[in-house]
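To start, the structure under review is shown below, and the notes come after it.
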Amino acid sequence: MRQLTVAIFLVVAIALQSALRAVWQPLGFVDFALVLVVYFALQREPLLALITAAAAGLALDLISGPPALLGAGGFAKVLTAYAVYFVASRVMLDTTLLRIPVLVCASLIDNLVYVGMHRLLGQRPPMPFVQSLSYKLIATTVAGTILLYLYDSYFSGKARQRRQFTVRRRVARRPSAAARRR
């Protein structure tokens, strides 16, 4: 069941990324698949993060068309997932403020490896390096921070636990029937 949920999230992230590019060009720089990969790597689930990264990278390479080198995006995302998992397994990165530099570094690693693979194999990258790096870095960091914060606030296990305790606190604050009679 978990794999099906991950596959649905991955398809939605890839579809959203390609659809937003058609709506407004600057929204095409947000790498939703990278945000999903970083989330799984931060959850300390290395196998899920690596498989998601490979599938997302290959799917984005197929969608982007002929100028893109097939497999470069998958390799870049896998390397990024491994780097984020490596750091997350040694340092607690559970707060939103600590996830911002992680998203910045992940976007930086992903773009450096992607462009490096193109240059190594003699291909011309689809976009100039500095332009793609700056736009992707800013857009992915802002959107990823917002998405990870919203997920942690409303859908995570901690959020469910907070909602349960809120109900218990309300019940505990009510005056009992004996206190109302006095």
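Check Arg119 against each of (1) under 20 Å from Leu148 (Cβ atoms); (2) open to solvent by 30 Å² or more (accessible area, probe 1.4 Å); (3) basic (Lys, Arg) and name the one condition it does not meet. So the condition that Arg119 fails would be (1). Note on segment 143-164: residues that are free of Cβ contacts under 8 Å to residues at least 12 places away in the same chain, of a type in the set (A, V, I, L, M, F, W, C), open to solvent by 70 Å² or more (accessible area, probe 1.4 Å) and in a helix (DSSP H, G or I) total 2.
Against the conditions (1) part of a helix (DSSP H, G or I); (2) closer than 15 Å to Phe29 by Cα; (3) of a type in the set (A, V, I, L, M), Met127 satisfies every one except (1). Take the conditions open to solvent by less than 100 Å² (accessible area, probe 1.4 Å), within 18 Å of the chain's Cα centre (by Cα), over 20 Å from Leu97 (Cβ atoms) and at pLDDT below 90 and apply them to Leu133. Does it pass? Answer is yes for this residue.
For segment 68-99, the set of residues classified as out of contact with any His (no Cβ under 9 Å at 6 or more places or on another chain) and closer than 17 Å to Phe29 by Cβ consists of Gly73, Ala76, Lys77, Thr80, listed by residue number.
The values are calculated or read from the model by the stated rules, or taken from the named source; none is laboratory data. Just so it is clear, the model here is predicted, and its values are computed rather than measured. When we count neighbours, we look across all protein chains shown, and the Cβ atoms used for this are built from the backbone with ideal geometry, even at glycine. Just so you know, the surface numbers come from the protein's heavy atoms only, side chains and all, with ligands and any DNA or RNA stripped out. Shrake-Rupley method; radii C 1.70, N 1.55, O 1.52, S 1.80 Å.
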